[in-house]
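Quick notes on the structure that follows.
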Amino acid sequence: MTTQQDKTPEHRAFRETVRAFVRNELAPRAREFDKMGRLDKSLFPKMGELGMLGLRYDEAYGGSGLDWTYTAILCEELGRADNVGVMTGISVHTDMATPSLHRFGSEELKQKYLVPAIRGEVVSAIAVTEPDAGSDVANIRTRAVRDGDDWVINGSKIYITNAATADWLCLLAVTDPEAGHGGFSQIVVPMETPGVSYDLLDKIGFWGSDTGQIFFEDVRVPVSNTIGQIGAGFMQQMMQFQSERLVATIGLVAYCEELWDVTCEWARDRKLFGRTLMSMQNTQFKLVECKTLLTTARLLNQACVDALVDGEDATELISMAKLHTGRVVRQVADTCFQLHGGMGYMKESMAGRAYCDMRIASVGGGSDETMMHYLAKRWQL
């Protein structure tokens, strides 16, 4: 499919580069990654060499200095790798854990953590959610208490993608419990730091990447590991969430477009009562509905990308795209599952995997209810 992003030869060339990487390195190993249950870190240096890990970042740190169009192309092609877990693990590294470091981090932090991340020499993760604080980010309890030139960190985070793979975390912690939204800070925490440990969680989907709970017990890191100003972490995290949400919506729509193609092929081959499944009007109507929904989601995502490329505030659009896409991919996955019949219940079926994978789309990165709450306030409803 020719997409709206491919406006120039440079766009098309980049898409072909990513597509070749997906075709040669990811797609053939899609089920292997599921069995591994975590990312293969050997993929990251290869992506670094191809310039995929710092598309929008300054060339001074090894980035490419490109705009959001290229990020959208990367997300779309990764979404076609037949493994949304791998896609998500990579996206966490490129667009969820590193944006604040690039935008607000000190030169020392960028050289020590961002440069190797862009090269693919290390993997990063974002640590925000806690057992008692999901979408309600302001309710997190993990504390970082200053002791001289160090932060001493205690607490835990949960549902952290790349927990077993990451070399460092972008941690959001409370540094001043009396300061409200001004009492949070983002801190780089190397996973090898004494007092950091994790337990892996057993998910119903996204098997190609690891997710875990991370514990901090008297963890000491330098205060100089703070990203940006002390106390500015909440607003920085809110800004970072926008890239997190958009890369997810773009990738999931691309994945479900592939699922639609697979389901059409299945329906053309599957015979019931002497007819193909595709020849039945109900099947045709269901597939038309799915394609229409996916197209609306794709166009809304594109509007977000265009706004960002033009330097506009896309928070409202991204919130709508997150809400809409989450519902669309769930419906498409359910419909394709149904059309596959008993085969849809098998792990080997893309429809079966999608049915498990797509449910998180309306929860992770901000629930439907969180998006609606924000939009209702913004529109003064």
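No value in this document is a laboratory result; all are computed from the given coordinates. None of these values were measured; they are calculated from a predicted model. Heads up, the Cβs are rebuilt from the backbone with ideal geometry, glycines too, and the neighbour counts pull from every protein chain shown.
For the reader, a short list of remarks on this structure follows.
- Computed from phi, the 3J(HN,Hα) profile of the stretch 99-116 under the Karplus parametrisation 6.51, -1.76, 1.60 (θ = phi - 60°) reads x, 5, 4, 5, 7, 10, x, 5, 4, 4, 5, 4, 5, 7, 10, 6, 4, x Hz, with x in place of Gly and Pro.
- Protection-proxy order for peptides 230-236, 90-96, 190-196, each taking the mean of Cβ atoms within 10 Å per residue, highest first: 90-96, 230-236, 190-196
- Lysine pairs in the chain whose alpha-carbon atoms fall under 21 angstrom of each other, counting only those eight or more residues apart or on distinct chains, come to 12.
- Segment V309-K46, extension gain: residue separation times 0.36 nm, minus the distance between their alpha carbons: 92.0 nm
- Helix 233-269 axis, angle to the chain major axis (alpha carbon atoms, nearest 10°): 20 degrees
- Crossing angle, helix 84-95 versus the chain [Cα axis fit, 0-90 degrees, rounded to tens]: 40 degrees
- Note that the stretch 235-378, at 20 °C in a medium of 1.002 mPa s, gets a Stokes-Einstein diffusion coefficient of 134 µm²/s from its Kirkwood radius over C-alpha pairs.
- If you bin all the Cα-Cα distances of the stretch 189-235 at 5 Å, starting from zero, the percentages per bin are 5, 16, 17, 17, 18, 15, 10, 2.
- Taking only the Cα atoms of the chain, the ratio Rg/Rh comes out at 0.98, with Rh defined as the Kirkwood radius.
- For the stretch 124-231, the C-alpha radius of gyration sits at 1.02 times the compact-globule guess of 2.2 N^0.38 Å, with N the residue count.
- Sites R378 and T292, calculated FRET efficiency, Cβ-Cβ separation with R0 22 Å, nearest 0.05: 0.20
- The loop-placed chymotrypsin sites (Phe, Trp or Tyr not before Pro) in the stretch 290-381, going by DSSP, that have at most 12 neighbouring Cβ atoms within 10 Å of their Cβ come out as W379.
- Nearest-ten-degree value, helix 368-378 long axis tilted from longest Cα axis of the chain: 70 degrees
- Rg/Rh for the stretch 9-119 (Cα atoms only, Rh after Kirkwood) is 0.97.
- In the stretch 336-381, the trypsin sites (Lys or Arg not before Pro) that fall in loop regions by DSSP, at most 12 other Cβ within 10 Å: K347
- Extension reserve of the E369-H181 stretch, reckoned as 0.36 nm per residue once the Cα distance is removed: 65.6 nm
- HN-Hα J in Hz across the stretch 127-135 - Karplus 6.51, -1.76, 1.60, θ = phi - 60°, x for Gly and Pro: 10, 10, 4, 10, x, 10, 8, x, 5
- Scalar couplings 3J(HN,Hα) for the stretch 324-329, obtained by applying the Karplus form with A = 6.51, B = -1.76, C = 1.60 to θ = phi - 60°, are 5, 4, x, 6, 5, 5 Hz; x denotes Gly and Pro.
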